[in-house]
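The values are calculated or read from the model by the stated rules, or taken from the named source; none is laboratory data. The structure displayed is predicted, hence computed values, not measured ones. We place every Cβ from the backbone using ideal geometry, glycine too, and count neighbours over all the protein chains shown. Quick note on the areas: whole protein, heavy atoms, side chains included, nothing else; ligands and nucleic acids left out. Shrake-Rupley method; radii C 1.70, N 1.55, O 1.52, S 1.80 Å.
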Amino acid sequence: MNILIVGAGGREHALAWKISQSPRLDKLFIAPGNGGTALIGTNVPLKDNDIEGIVAFARDNVIDLVVAGPELPLVLGLKEALDSVRIPCFGPCVFDAQLEGSKAFAKNMMRDTGVPTADFRVFDTHEAALAYVRAHDLPMVIKADGLAAGKGVVIAQSMNEAEEALHDMMVKQVFGEAGMTVVVEEALVGEEASFMAFCDGKTIVPMPSLQDHKRIGDNDTGLNTGGMGAYSPAPILPEDSYTAMADLAIRPIVEHLAGIGQPFKGVLYAGLMMTAKGPMVLEYNVRFGDPECQPLMARLKSDLVEIMLACVEGILSPAQVVFHQETSCCVVMAAQGYPQDYPKGMVISGLDAAEEIESVKVFQAGTQLRNGVPVSSGGRVLGVTALGCDLRQARERAYRAVEKIRFENSYYRKDIANKGLRRS
C-alpha cells in the first residue's frame, strides 16, 4: 500500500513511525512532514489546508490510504474531496468534523445526546454576550466557536478578563471568523483526562486513558499550549472504567451521528474533567491528540494500518486493537518563549544518545533537516517518549533521555506525570 499522512507535528512523526512498521506498507509520504518524518518516508511540500493539492498528489501517486493528522483538513472537507476520486481517508466527514470545528455544534450535540458537560450559552453578538457575562458569577470559560489554533479559550477569573476576552474575540476579531460566535460556560473544577476511541461508524474501541499537560509552566502555571507532555494510562481513569466512560462520552455521539446518516469514522477524542459530580466532557477532537498520540503509539502493539482500514471499511473489531501493558510517558522539549514568540533554527544534538536509553523514542515535531542536521522550526520541538514497567520507570527514562539532548533556548516542564505518580 502507498500511504499519505497529512500534517507536520510530533503526532504525524509518531503515526509515520507506527505505520512504517506495517507489512502492508510499500511507500510512505508525509505532507508536509518534518525532520523526523523525512527519515522514515518522503516529505511532500504541501500544506495541510491545501485540499486540492493533497487530492491531486494522492491521485497522481496512486495513494491507497490518506491519514489526516490535524483537524483543519477534515474541517475543510478532505474526506469528501478524496471520496470524489475514490481514495480512502482515515478521518471523519466535514459534518462530523464540526465536533471540533465548532464549539457550539459540539456543546449542542452533547446536550441533545445527554452527554454530561458544563452549562453553557452561545452568543453571536457582543452586546448579548457581554450582558450575560456581567450577570453571572466568575470564574467562567469563554471560547471562540471555531478553530483558533488552541488559543481560543479563556478561563476568566475576573470581570476585566471576561470583558477583554469577549472584546478580543468579537470586536477586535483576533481569531477572525472563529470568534464571531462565542460559547460562554461554567468553569468546571477537577483533574483533566484524555480518552480516545477508534470508530468505524458503529463500533467503537476505546484506547488507553491519558493525561495531558496544557500549561507552559510547572504545577500547571502560565499560558495554555498545545501540550507539554502526556502519559498513559492515567490512574485517574483506570482500565476498569473504560467501558463505562465510552458509554458516557463516546457512544451517544457515535450512535446519534449514525442515526442521522453521518457515521463517524476515525478517532473521536473526549477531553474530560473529573469533577466531584462525576466525569464531564470539556470538548471533542476528531483526531489523535498531540502529544497524546506519541505515548499511545509507543504502547500500540497492533498494526495501525489494519486498524485504520477496518475503521474506513466499517469492519472494526475490538480484537484488532491491542496495547502493551507497559506505561508510557512523553516530555515535550520546546523553544524558550513558546507559546508566544520563540527563536528558530537551533541545531539539535544528542538524539541518537537519547534513543540509546532503553525503550526511548524521540518524536520530532517542530524540526527540519538542514544538510542532514536537525534544526528547530517550531515552538514544540521534540516529544521525548519512553516506555516502562510502571509510570515511575517510564518517566525516569524519558527525563534521562531529555538530558542527553541539546539545543539553544530549550525548555521543558520538570513535573510531567507527577499527578499520576501521586495516584499510583
Residue check, K404 assigned to a loop (DSSP other than H, G, I, E, B), farther than 25 Å from V44 by Cα, in contact (Cβ under 8 Å) with a residue 12 or more places away in the chain and open to solvent by 50 Å² or more (accessible area, probe 1.4 Å): yes
Residues satisfying the stated conditions in region 142-180, i.e. in contact (Cβ under 8 Å) with a residue 12 or more places away in the chain, part of a helix (DSSP H, G or I) and open to solvent by 60 Å² or more (accessible area, probe 1.4 Å): H167, V171, E177
Failed criterion for R395 (all others in (1) open to solvent by less than 10 Å² (accessible area, probe 1.4 Å); (2) among the basic types (K, R); (3) not in a loop (DSSP other than H, G, I, E, B) hold): (1)
Members of region 15-47 found to be in a strand (DSSP E or B), closer than 21 Å to G91 by Cα and open to solvent by 60 Å² or more (accessible area, probe 1.4 Å), listed by number: K27
Qualifying residue in region 299-310 (condition: in contact with a strand residue (DSSP E or B) (Cβ under 7 Å, 6 or more places away or on another chain), open to solvent by 30 Å² or more (accessible area, probe 1.4 Å), at pLDDT 95 or above and not polar (S, T, N, Q)): yes
Residues of region 205-231 classified as modelled with pLDDT of 95 or more, within 18 Å of the chain's Cα centre (by Cα) and of a type outside the set (G, A, S), total: 11
Number of positions in region 55-77 that are surrounded by 14 or more Cβ atoms within 10 Å (Cβ to Cβ) and in contact with a strand residue (DSSP E or B) (Cβ under 6 Å, 6 or more places away or on another chain): 11
Residue that is surrounded by the fewest Cβ atoms within 10 Å (Cβ to Cβ) [pool: residues in region 123-141 that are in contact with a strand residue (DSSP E or B) (Cβ under 8 Å, 6 or more places away or on another chain) and in a helix (DSSP H, G or I)]: Y132
Residue match in region 267-285 (condition: at pLDDT 95 or above, farther than 30 Å from T37 by Cβ, in a loop (DSSP other than H, G, I, E, B) and polar (S, T, N, Q)): no
Single match in L25, L65 (criterion: of a type in the set (A, V, I, L, M) and within 23 Å of the chain's Cα centre (by Cα)): L65
For F120: the one exception among (1) among the aromatic types (F, W, Y); (2) over 19 Å from V267 (Cα atoms); (3) surrounded by 20 or more Cβ atoms within 10 Å (Cβ to Cβ): (3)
Lone unmet requirement of (1) open to solvent by less than 30 Å² (accessible area, probe 1.4 Å); (2) under 30 Å from L309 (Cβ atoms) for K202: (1)
Count - residues of region 83-98 that are of a type outside the set (D, E) and surrounded by 24 or more Cβ atoms within 10 Å (Cβ to Cβ): 5
Residue in region 215-226 that is open to solvent by 50 Å² or more (accessible area, probe 1.4 Å) and under 14 Å from D96 (Cβ atoms) present: no
Residues satisfying the stated conditions in region 316-360, i.e. closer than 28 Å to P206 by Cα, surrounded by fewer than 16 Cβ atoms within 10 Å (Cβ to Cβ) and of a type in the set (S, T, Y): S317
Single condition R413 does not satisfy, out of (1) crowded, with 21+ Cβ neighbours inside 10 Å; (2) of a type in the set (D, E, K, R); (3) not in a loop (DSSP other than H, G, I, E, B): (3)
Any chance A234 is at pLDDT 95 or above, among the small types (G, A, S), open to solvent by 10 Å² or more (accessible area, probe 1.4 Å) and within 19 Å of the chain's Cα centre (by Cα): no
Which numbered condition G271 misses (of (1) within 19 Å of the chain's Cα centre (by Cα); (2) within 23 Å of P88 (Cα to Cα)): (2)
